[in-house]
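Following: one structure in structure tokens, then a few remarks.
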Amino acid sequence: MAALAERLIEVVPFAAPLGAEIRGADLAHLDDSTFAAIKQAWLERKVLRLRGQRIDDDALADFSRRFGKLDKAPITRTGRPHEPTRPEVTVISNIVVNGEPIGGLGAGEAEWHTDMSYNEVPPDASVLYGIEVPEGHGNTWFCDMEAALAALPAAMRERIAGLTCKHDATRNSAGELRAGFRESYTPEELPGALHPLVRTHPETGRKSLFLGRRRNAHVMGLPQEESQRLLDELWAFATKPEFTWVQQWKTGDVLIWDNRCVMHRRDPFDASLRRLMHRTQIQGSRPY
Ligand code: SIN
């Protein structure tokens, strides 16, 4: 059956170390064999794009649930969910209605990050649906952390093996303070999770760098200055253009990415343009 689906959908890899387009799949009417072929392509290419989709939140959640149980959306700036009836849906938008933003992240830059890596058990995957998109603006970049680790000099790979890093829970990728947190903390008391700098993908067995988010990050057991120097070096290396692919959005695009081996960031865009996206996140397992 999977072979039949593979003939029905087309997997077109992008000219980059990661990413592919899936053609010929309708996420609102997906059978098991087509999903199996999509999952296979996703494990190989780490980020998939499907264009021209028309789905509501039910279909988005149903498709996402095929990858695993859904996580709740992250804590917002106000502490109130953007979609109170759909706790699994993260609204990403710069649209303001009656003086209240309907979603998070606004129109500014979203810095490189891995979704919710500040949790002890961060999501395996995220699915992002472009409901209303200003074409040519607010591109989303992806970075292949498996390729970055493989290309690191051997001495650096040896140096970071066994090291763990604190991932800051207090701010989102736009730098906004989440509800319930203070402006500043010492590295020891900073709320967040400790994760290995190198993690193993539980499904493919392959290893990736796991940096998560740069702001307030700290490599445990190292003096502050040494930790910052090491992290600066790793971040500069991992985000080099040769490890990246950029998504130029069209309305109806759905992206699925693997948080276990990629990071992403978003370009700022003109705040007068409207952009609305819904995202789900699929529960994962503790990184090792
Ligand atoms: C995200 O970080 O999940 C949002 C990316 C985007 O707004 O394109």
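Computed from the coordinates by the stated procedures, all read-outs in this text should not be read as laboratory data. Everything numeric here is computed off the predicted structure, so don't read it as measured data. Using ideal geometry, Cβ is built from the backbone for each residue, glycine included, and neighbour counts are taken over all protein chains shown.
Peptides 265-273, 120-128 ranked from most to least packed, by the mean per-residue count of other Cβ atoms within 10 Å: 120-128, 265-273.
For the range 74-288, taking the reciprocal of the average inverse distance between every pair of different Cα atoms yields a Kirkwood hydrodynamic radius of 17.9 Å. In this Cβ point-charge picture (+1 for Lys and Arg, -1 for Asp and Glu), the chain has a dipole of about 220 debye about its Cα centre.
Ordering 32-42, 276-286, 186-196 by mean Cβ neighbour count within 10 Å, with the highest value first, yields 276-286, 32-42, 186-196. Taking each DSSP H run with n ≥ 4 as -39500 (n - 2.57) and averaging over every residue of the chain yields -6000 deg cm²/dmol at 222 nm.
A viscosity of 0.692 mPa s and a temperature of 37 °C, combined with the Kirkwood radius over C-alpha pairs in the Stokes-Einstein formula, give the range 1-112 a diffusion coefficient of 203 µm²/s. When the Cα atoms of the range 2-63 are aligned to their principal axes, the ranges along those axes come out at 32, 23, 18 Å in descending order.
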